[in-house]
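The values are calculated or read from the model by the stated rules, or taken from the named source; none is laboratory data. Predicted model only: the values in this text are computed from it and were never measured. No Cβ is skipped: glycine too gets one built from the backbone with ideal geometry, and neighbour counts run over all protein chains shown. All accessible areas refer to the heavy atoms of the entire protein, side chains included, with ligands and DNA or RNA removed. Shrake-Rupley method; radii C 1.70, N 1.55, O 1.52, S 1.80 Å.
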Amino acid sequence: MSTLPKATRVTLAMGAIAIGAAVFALHGRVSADTDPDPLGEKTAGSATVYATGKNAFSFPLANLDDAERTRFAIGNSFFKRNWVEAPASTTARDGLGPHFIARSCAGCHVMDGRGAPPDWNKTLGPEPDNTVALLFRLSVPGTPAPHDGVVPEPTYGDQFNNAGIQGVKPEGTVRVRSRPIHGRFADGTRYTLRQPVYTFSDLGYGPMARDVMVSPRIAPHMAGLGLIEAIPESEILRNASDQAAAPGAIKGQPNRVWDAFAQKEVIGRFGWKANTGSIAHQSAGAFNGDMGITSSVNWREACTPAQTDCLAAPHGGGKRSGRDGLMPSSQATAQVPEIDDETLGHVVFYTATLAPAARRQPDDPQVLRGQALFAQAQCATCHRPSYVTAEAPFPRLTSPKVSGQRIWPYTDLLLHDMGPQLADGRPDFRASGSQWKTPPLWGVGLFRDVNGHQRLLHDGRANGVLEAVLWHGGEALGAKEQVLKFSKRDRDALVKFVESL
């Protein structure tokens with residue numbers, strides 16, 4: 001409980017509301033006077049759940065009906081349980097590999113939460129650690145094929161897989177180490193960041209291309225994705241036009257990507273570079289890329305011509321008994337996927353209806369002070385607090401109850417140049433090698449409860465909110481420089497506000 005007088009808390013709250021109204025004014029939206037939840041306690045409107053602890057990210061939207069909750073439970077089953085290699089008696093869950101990173105979706109998104117990089121100086125592979133969710137995207141310079149955002153590395157494809165089924169070589173081992181970067185706040189307080197350095201060894205199919213580009217990506221938490229999918233495209237475009245018209249360095253841009261389910265180009269909103277536009281496309285891509293599970297839209301196994309053992313490995317698609325009807329991976333087709341459309345649809349529905357948790361202590365005086373500092377440092381320009389959702393793009397794969405909700409994700413869903421220290425040098429659709437999507441901030445304060453850590457940014461290099469701010473550069477350099485001038489009291493308040501989201 002706060003020890004401040006009630007009048008003081010009310011004054012701080014009204015100040016925070018006024019600042020919130022000013023942020024909205026930048027985007028030309030609601031008035032605080034008419035908003036019934038000006039502090040955004042209900043992060044998802046009527047779909048909000050009040051949850052903390054280990055399962056905080058694993059609840060369905062609060063407004064689902066009984067039939068939807070049953071579908072949620074079915075999707076949860078296929079999300080959490082391990083897949084096995086073919087042939088197996090459980091034909092509904094076989095087809096793992098030939099190459100893979102994890103045996104289940106939950107292998108990376110533990111408790112529907114956020115992954116963490118391994119301890120420094122630890123290797124990844126050949127057998128994946130179920131608690132490690134760091135993957136590496138690969139590509140080479142060139143003009144991508146239609147509908148592709150990158151040109152895959154010729155021998156290893158567009159993602160490095162450090163595990164393989166029996167008879168298939170793992171693609172290799174990743175070694176992670178770091179080097180220190182020292183800095184100091186204006187008040188003299190010293191800090192140290194750890195710059196990760198990655199090397200590949202024990203390569204199973206020979207050397208990579210000399211000009212290979214590598215991008216590390218950590219598994220994000222899952223709660224609230226269906227609500228983000230329901231943010232109108234017009235609002236994302238308005239974010240870009242508002243920033244373009246405003247003075248200063250912040251000039252976000254939308255990514256535009258091909259969506260296999262929509263069969264058209266859409267605005268990217270998922271992935272660290274906004275390189276996918278829908279939960280369905282993201283889910284089918286993760287099944288294929290991370291577990292080697294083909295679907296009707298991603299029916300080719302991720303084997304390159306140089307990986308002959310991968311091409312000859314058994315494919316898990318089609319109805320069969322034992323080894324009868326078993327085909328090699330090279331003969332995979334869209335007609336015999338390893339996960340059928342109905343099952344994939346259940347997993348997509350599950351992902352789209354995971355609920356974000358309500359804010360904690362939004363009217364705490366330190367939180368309110370941090371909210372004011374958040375706006376003062378212009379963090380809210382990119383981390384836009386709130387939206388009203390519209391209809392999701394694929395009604396059959398989500399609930400209609402995601403629409404019409406006032407949500408508080410704190411993101412503009414735009415790409416921003418974040419400076420050379422965060423750059424991966426790897427373009428992806430329209431994202432450059434130094435651009436990253438503004439990640440939503442809701443749930444940041446629950447990562448420790450759910451996953452036992454608070455490793456942030458695209459590769460988990462930042463240990464906590466303040467370190468994440470200190471890595472900001474490029475368009476966000478001005479915000480970082482303001483935070484460097486904050487006193488310890490103000491830094492603590494800023495962190496407490498972000499952790500309340």
*Residue match in the range 212-235 (condition: assigned to a loop (DSSP other than H, G, I, E, B), surrounded by 18 or more Cβ atoms within 10 Å (Cβ to Cβ), in contact (Cβ under 8 Å) with a residue 40 or more places away in the chain and at positive phi)*: yes
*Does Ala332 meet the test of being in contact with a strand residue (DSSP E or B) (Cβ under 6 Å, 6 or more places away or on another chain), on the phi > 0 side of the Ramachandran plot and in contact (Cβ under 8 Å) with a residue 12 or more places away in the chain?*
no
*Could we say that Arg256 is open to solvent by 10 Å² or more (accessible area, probe 1.4 Å), closer than 21 Å to Pro439 by Cα and in contact with a helix residue (DSSP H, G or I) (Cβ under 9 Å, 6 or more places away or on another chain) here?*
no
*Please give the helices (runs of 4 or more DSSP H) falling wholly within the range 296-402 in which 3 or more residues are out of contact with any Cys (no Cβ under 6 Å at 6 or more places or on another chain) and closer than 25 Å to Trp436 by Cα.*
341-352, 365-376, 379-382
*From the options His458, His416, residue that is open to solvent by less than 30 Å² (accessible area, probe 1.4 Å), in a strand (DSSP E or B), touching a Lys or Arg at 6+ places or on another chain (Cβ under 9 Å) and touching a residue at least 60 places away in the same chain (Cβ under 8 Å)*: His416
*Would you pick out the residues in the range 465-494 that are touching a strand residue (DSSP E or B) at 6+ places or on another chain (Cβ under 8 Å) and under 23 Å from Gly271 (Cβ atoms)?*
Val465, Glu467, Ala468, Trp471, Gly474, Glu475, Ala476
*Where residues in the range 479-491 are part of a helix (DSSP H, G or I) and open to solvent by 40 Å² or more (accessible area, probe 1.4 Å), which of them is farthest from Asp417 (Cα to Cα)?*
Arg489
*Do we have Gly345 as in contact (Cβ under 8 Å) with a residue 24 or more places away in the chain, more than 24 Å from Glu41 (Cβ to Cβ) and among the small types (Gly, Ala, Ser) here?*
yes
*Does Arg256 count as more than 23 Å from the chain's Cα centre (by Cα) and basic (Lys, Arg)?*
no
*If Met208 satisfies every condition in (1) more than 24 Å from Phe270 (Cα to Cα); (2) surrounded by fewer than 16 Cβ atoms within 10 Å (Cβ to Cβ) but one, which is the exception?*
(2)
